[in-house]
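S.K.: Sharing a structure, written as structure tokens. Questions coming.
None of the figures in this text is laboratory data; all of them are computed from the coordinates on show. If you're wondering where the values come from, they're calculated on a predicted model, not measured in any experiment. Please note: Cβ atoms are built from the backbone with ideal geometry, for glycine as well, and neighbour counts cover all protein chains shown.
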Amino acid sequence: MRKMSIFVSLALLFFTAITSAHGPVRGKLTAAISIDAPAEKVWDIVKNYDDLSWLPVIESTKADNGNEKGSVRVLTLKEGGTITEELKAYKADKMSYKYKITEMSTTKTIQHAGQDEDIPVVPVENYQATITVKAKGSKSEVTWVATYYRGYVNNNPPEELNEEAADKAVTGVLTSGLTNLAQQFDSSVDSSAVSIKMKR
């Protein structure tokens with residue numbers, strides 16, 4: 001009986017160690033908004049991969065091959081820094097496209113666990129997202145789904161690169177983008193109109 005008790009205690013200790021020091025887990029964040037405008041008009045604003053002027057944080061966008069799959073765009077941010085993204089799929093008939101971040105500039109470097117760690121402009125790894133516009137009668141629904149990992153791939157991340165930092169950054173970008181998109185048709189819309197669902 002004593003051996004069994006020791007075994008259970010060790011098993012619980014091992015489980016606790018694993019759960020408290022786990023590696024990154026993929027997050028899936030879905031942001032959606034209903035816009036009082038026909039889907040075609042909303043799609044007209046977002047359909048060009050080389051135009052992200054509707055996203056408040058973006059200063060400029062430059063893509064090398066328009067809406068063709070594989071097109072690479074470089075986003076220059078208003079607060080400084082760049083993000084490079086690749087177009088993975090483009091479906092004009094479904095008013096949808098998918099892209100992936102391939103490179104980001106660094107905002108600063110910190111010391112963590114005896115190592116220099118670069119903090120990218122968005123503290124995530126392996127970020128992919130799909131934006132889709134759908135008709136809902138005379139209105140439209142825009143859904144922006146992002147999947148990503150926290151910015152630190154090892155255990156015990158610094159606070160700048162943990163899940164909370166990743167979720168906050170992605171939520172902020174998607175929420176501000178969808179809010180601003182809706183404001184192109186109704187200036188009274190605010191961020192409360194955006195629904196957010198997080199899954200990990």
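S.K.: Just going by the charge dipole of the chain, with Lys and Arg at +1 and Asp and Glu at -1 on Cβ, which of Val42, Gln111, Leu77 is farthest out on the positive end?
M.R.: Most positive-ward Cα: Val42.
S.K.: Given that just one value was derived from the coordinates, which of (i) 59, 43, 37; (ii) 64, 40, 31; (iii) 71, 38, 32 is Cα extents along the principal axes in Å?
M.R.: (iii)
S.K.: Which pairs in the list Lys41/Lys108; Lys47/Lys168; Lys62/Lys91 are over 31 Å apart, alpha-carbon to alpha-carbon?
M.R.: Those over the limit are Lys41/Lys108.
S.K.: Under 12 Å from the Cβ of Lys47, count the other residues' Cβ atoms, weight Lys and Arg +1, Asp and Glu -1, and hand me the total.
M.R.: Neighbour charge sum, excluding Lys47 itself: -2.
S.K.: Follow-up. At 7 Å along Cα-to-Cβ for each site, give me the label-to-label distance between Lys28 and Glu79 in nm.
M.R.: My value for the distance between the label points is 2.9 nm.
S.K.: Continuing with the same structure: Compute the signed sum of charges (Lys and Arg +1, Asp and Glu -1) over the other residues within less than 14 Å, Cβ to Cβ, of Gly172.
M.R.: Local charge sum for Gly172: -1.
S.K.: Next up: First select every other residue whose beta carbon is under 12 angstrom from the beta carbon of Thr84; then total the charges, Lys and Arg +1, Asp and Glu -1.
M.R.: Charge balance near Thr84 sits at -1.
S.K.: Nearest 500 deg cm²/dmol is fine: what mean residue ellipticity at 222 nm does the chain get from its DSSP H runs of n ≥ 4 alone, each adding -39,500 (n - 2.57), divided by its residue count?
M.R.: -8000 deg cm²/dmol
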